[in-house]
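Take a look at the structure set out below.
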Amino acid sequence: MTEQVWSARVEDDGVLAGLWYGVHGLATVAVVLGIVISGLSLWLTVPAGALAWLGLYVSARYRPAAWFVSGHLVLANDVARWQANDEGWVDGRIVLAWRGTSLVGVTLIAPAGRMSLWLTRRRVGDVAWWQLQRWLVLQA
């Protein structure tokens, strides 16, 4: 049997970005509203509100690479190769963290450490998504 290889360019997904910012924005709004409604004294309200906004800033500044990193991914049997924008190739073993019809989670275990990628149809394109689903079926 011939070896099955899947390869694609992984791009940003606006829906995942919207979910990331939306969840953190809603959490910040909920904390601030909770502070205002609870009637805490001004000495507690200001620091708690500042911490809520700091949390929103940190979530916007330090986004998870699994959702936002772009690059080129190659999967073959249980081995993967990853190249983030203009960096060198990283080779390692893959573990499927999630396998679904709308989302596939791939974890690359390399000597330098672990790296997770969440793949969606928008991140890889329609044709590559269909090929990935086929590759997953053939690997099972």
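The values are calculated or read from the model by the stated rules, or taken from the named source; none is laboratory data. What you are looking at is a predicted structure, and each value in this text was computed from that prediction instead of being measured. Backbone-built Cβ (ideal geometry, glycine too); neighbour counts: all protein chains shown. Note: accessible area is taken over every heavy atom of the protein model, side chains too, but ligands, DNA and RNA are not part of it. Shrake-Rupley method; radii C 1.70, N 1.55, O 1.52, S 1.80 Å.
Separation between the Tyr57 and Ser7 pseudo-spin-labels, each 7 Å from Cα along Cα→Cβ, expressed in nm?
4.4
What spacing in nm lies between the two simple spin-label points modelled at Leu136 and Ala110, each 7 Å away from Cα in the Cβ direction?
2.3
Could you sort Tyr62, Tyr21 by accessible area so the largest value comes first, with the probe set to 1.4 Å?
Greatest to least solvent exposure: Tyr62, Tyr21.
If you take the Cα Rg of the chain and divide it by 2.2 N^0.38 Å, with N the number of residues, what do you get?
1.38
In nm, give the distance between the simple-model label positions of Trp89 and Ala48, each being 7 Å from the Cα along the Cα-to-Cβ direction.
5.5
Return the carbon/sulfur percentage of the accessible area of the chain, one whole number, probe 1.4 Å, all protein chains in place.
Carbon with sulfur: 64 percent of the solvent-accessible area.
What residue among Trp129, Trp43, Trp67 shows peak mean-square fluctuation when the chain is described by a Gaussian network model with Cα springs under 10 Å?
Trp43
What percentages, rounded to whole numbers, describe P(r) for segment 65-140 computed over all alpha carbon pairs with 10 Å bin width beginning at zero?
18, 59, 22, 1
Over segment 1-73, what relative contact order in percent results from Cα pairs under 8 Å that are six or more residues apart?
Relative contact order here is 61 percent.
For segment 1-130, with every protein chain kept in place, what is the accessible area per residue (1.4 Å probe, Å²)?
Using a 1.4 Å probe on heavy atoms only, each residue of segment 1-130 averages 63 Å².
Give me the dipole magnitude in Debye, nearest 20, for the chain about the Cα centre, with unit charges on the beta carbon: positive for Lys and Arg, negative for Asp and Glu.
The calculation lands at about 220 debye.
Enumerate the calculated ³J(HN,Hα) couplings along segment 88-100 in order (Karplus 6.51 cos²θ - 1.76 cosθ + 1.60, θ = phi - 60°), each rounded to whole Hz, writing x wherever the residue is Gly or Pro.
Rounded to whole hertz, the list is x, 6, 10, 9, x, 8, 10, 10, 7, 7, 8, 9, x.
Within segment 74-118, list the chymotrypsin sites (Phe, Trp or Tyr not before Pro) lying in a DSSP loop whose Cβ has at most 13 other Cβ atoms in a 10 Å radius.
Qualifying residues, ordered by number: Trp89.
Would you mind counting up the charge near Val124? Only other residues with Cβ under 10 Å from its Cβ, with Lys and Arg at +1 and Asp and Glu at -1.
Result for the local shell: +1.
Under a GNM of the chain (C-alpha, springs under 10 Å), which listed residue has the highest mean-square fluctuation: Leu75, Leu44, Leu119?
Comparing Leu75, Leu44, Leu119 in a Gaussian network model of the chain, the most mobile one is Leu44.
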